[in-house]
Amino acid sequence: MILNLTAGANCQLCRDGHLSLLFQGNIESTELVRFSQYAVYGDIYRCNVCGFVVEEKSHETDAIIESLTSENYGGDKIDQLSLEEKSKAYAPLARIIECHRAISGAQLLDVGANTGIFLNLARTLGAIPFGLEPSLDATKVARSQFDLEIQNGVIAEIDQPDAAFDIVTLWDVVEHLYDPVGDLTALRSKLKPGGHIFISTHDIENVFCRILGKRNPLLMYAHFYHFSPHTLSRALEIAGFETVGFSYFHKSWSIRYLLALFDEFWPGSCVARCARGLTITISPVEPLSKLRIRFPLNLFFVAIARRPA
Ligand SMILES: [Zn+2]
């Protein structure tokens, strides 16, 4: 589904809103799009009424699924570091779930389960885990490393009966969906009546995003939609959920990981070379390289919603 947007088009979330150009895209050729290159994106529009932020999509849905399917999570340094970082990142999310309902004994579906790190944690907390993951490579890691039950596929392909789950989680996934309202509607039917959905994403209305504007690294081609608590709750309500609330949480990263990111942001640059030198210098000093920097602003939030009983 290619999404050609123009200024003045109707908003997908509200009846009265129209889109206006927020940031001109900086992709030079759709042939060369790196789906997850930071701060490289297509034209981005914002609804003048509800504030929904949408990116133009230049690829067919099949091409996007193909890209997700072939994404690799093996070997190189940044991926190994990403795995370590993720395992630290999920503990606050599990605590947010437990503020609303017990994880123990729950049938839990994690959408975009990646290599299964969160599902493994959920299982240690007593959940009966099931995962859905488009990347073939990540699915294999989740099965072999954690012995998890994971389906390789996207939401439209989910092969589970209706009303099978007590909890559905989407961690940093909703911004990647090419049809978020359609996908959330499909997930609602997989929840038992009264079951909960937990969705984490970045808040595009946050002061960090406002200050960085078009240089915001969270603007990337793979992020087709940028939500705020207001627009995400609207999408959830259109999909048939009752919004329960929102919880902001702080992400933290090790210095080692942050330094490695310079190569991702500015490959081959002087800054990236300096960061690499610094990494080599601090590596022998374990407490320093493991020190974690906490992002001070409320950039990330979890939306909590329920399938009506
Ligand atoms: Zn709108």
ask   = Given the conditions (1) touching a Pro at 6+ places or on another chain (Cβ under 6 Å); (2) open to solvent by less than 40 Å² (accessible area, probe 1.4 Å), which single one is not true for E242?
value = (2)
ask   = Has segment 130-138 got at least one residue that is aliphatic (A, V, I, L, M) and more than 21 Å from D62 (Cα to Cα)?
value = no
Candidate set: segment 37-57, residues that are open to solvent by 40 Å² or more (accessible area, probe 1.4 Å) and within 10 Å of the ligand (Cβ to nearest atom); chosen: the one farthest from Q24 (Cα to Cα) = V49
key: Residue list for segment 151-163, restricted to those being over 18 Å from the mean Cα position of the chain (by Cα) and not small (G, A, S)   = Q151, E157, I158, D159, Q160, P161, D162
inquiry  = Can you tell me which of (1) open to solvent by 50 Å² or more (accessible area, probe 1.4 Å); (2) at pLDDT 90 or above is the one R215 doesn't meet?
reply    = (2)
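Table: residues versus (1) more than 16 Å from the ligand (Cβ to nearest atom); (2) out of contact with any strand residue (DSSP E or B) (no Cβ under 9 Å at 6 or more places or on another chain); (3) among the small types (G, A, S).
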site	(1), (2), (3)
F208	yes, no, no
L219	yes, no, no
E237	no, no, no
S252	yes, no, yes
L258	yes, no, no
L261	yes, no, no
G268	yes, yes, yes
V285	yes, yes, no
request  = Go through (1) farther than 22 Å from G42 by Cα; (2) open to solvent by 30 Å² or more (accessible area, probe 1.4 Å) and name the single condition V181 misses.
outcome  = (1)
message = For segment 1-23, which positions are away from the ligand (no atom under 14 Å from the Cβ) and at pLDDT 90 or above?
response = L21, F23
key: Residue satisfying condition, being at negative phi, of a type outside the set (D, E, K, R), part of a helix (DSSP H, G or I) and more than 16 Å from the ligand (Cβ to nearest atom), within set T185, T231   = T185
ask   = Looking at I128, is it farther than 28 Å from F262 by Cβ, among the hydrophobic types (A, V, I, L, M, F, W, C) and at pLDDT 90 or above?
value = yes
ask   = What about I293, is it in a strand (DSSP E or B) and under 21 Å from E98 (Cβ atoms)?
value = no
query = Can you tell me which residues in segment 143-164 are touching a Ser or Thr at 6+ places or on another chain (Cβ under 6 Å) and either acidic (D, E) or open to solvent by 80 Å² or more (accessible area, probe 1.4 Å) (or both)?
reply = D162
query = When segment 130-186 is examined, which residues are found to be closer than 23 Å to P92 by Cβ, without any contact (Cβ under 8 Å) to a residue 60 or more places away in the chain and small (G, A, S)?
reply = G131, A142
query = Do we have any residue at all in segment 272-285 that's among the charged types (D, E, K, R) and either at pLDDT 95 or above or within 19 Å of F52 (Cα to Cα) (or both)?
reply = no
remark   = Restricting attention to segment 283-309, the residues that are touching a Ser or Thr at 6+ places or on another chain (Cβ under 6 Å), over 30 Å from S233 (Cβ atoms) and free of Cβ contacts under 8 Å to residues at least 60 places away in the same chain number exactly 3
Tally of residues being touching a Ser or Thr at 6+ places or on another chain (Cβ under 8 Å) and open to solvent by 60 Å² or more (accessible area, probe 1.4 Å) across segment 252-282 = 2
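The values are calculated or read from the model by the stated rules, or taken from the named source; none is laboratory data. Computed from a predicted structure; not experimentally measured. Ideal geometry is used to build each Cβ from the backbone, glycine not excepted, and the neighbour counts take in all protein chains shown. With ligands, DNA and RNA removed, areas are computed over all heavy atoms of the protein, side chains included. Shrake-Rupley method; radii C 1.70, N 1.55, O 1.52, S 1.80 Å.
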